[in-house]
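Step one of this worksheet: look at the structure below.
The values are calculated or read from the model by the stated rules, or taken from the named source; none is laboratory data. Everything quoted here is computed from the prediction, not taken from an experiment. Quick reminder, even Gly has a Cβ in these numbers, built from the backbone with ideal geometry, and neighbours come from all protein chains shown. The accessibility values were calculated without ligands, DNA or RNA, using every heavy atom of the protein model including side chains. Shrake-Rupley method; radii C 1.70, N 1.55, O 1.52, S 1.80 Å.
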Amino acid sequence: MNRKKKIKSTLLAKQKKANAKLHKSNKPKYISKAERAKLAEQAETDTSESDGSVVDTSD
């Protein structure tokens, strides 16, 4: 009986691992603190560049 139980438990464990690989998490991908700072800096420079390039010629 113990041999059957052990075989069944190993097969069930393999099946659980295979099913876990199929289902992806809904959790967003981790972005490091340095990467967040870099992205914020890029966004800041993009907005400043777009603000500086718009020239009002209504005079």
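Work out the FRET efficiency for THR45 and SER25 from their Cβ-Cβ distance, taking R0 = 22 Å, and round it to the nearest 0.05. Before the final figure, lay out each step's value.
On the way: r = 33 Å, r/R0 = 1.49.
Using R0 = 22 Å, I get an efficiency of 0.10.
Accessible area per residue of segment 3-47 at 1.4 Å probe, in Å²? The partial results should precede the final answer.
Numbers: 4910 Å² over 45 residues.
Per-residue accessible area for segment 3-47 comes out at 109 Å².
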Fill in: At 0.890 mPa s and 25 °C, Stokes D of segment 3-47 from Kirkwood alpha-carbon radius, µm² per second
170
Fill in: Phi to ³J(HN,Hα) by Karplus 6.51 cos²θ - 1.76 cosθ + 1.60 over segment 20-36, Hz, x for Gly, Pro
5, 5, 5, 8, 8, 7, 8, 5, x, 5, 6, 10, 5, 4, 5, 5, 4
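Could you tell me what percent of the accessible area of segment 3-47 is made up of carbon and sulfur, with a 1.4 Å probe and every protein chain present? Walk me through the numbers before you get to the answer.
Values: 2910 of 4910 Å².
Carbon and sulfur atoms account for 59 percent of the accessible area of segment 3-47.
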Fill in: Residue-by-residue Karplus 3J(HN,Hα) for segment 39-50, coefficients 6.51, -1.76, 1.60, Hz, glycine and proline x
5, 5, 5, 5, 5, 5, 5, 5, 5, 5, 5, 5
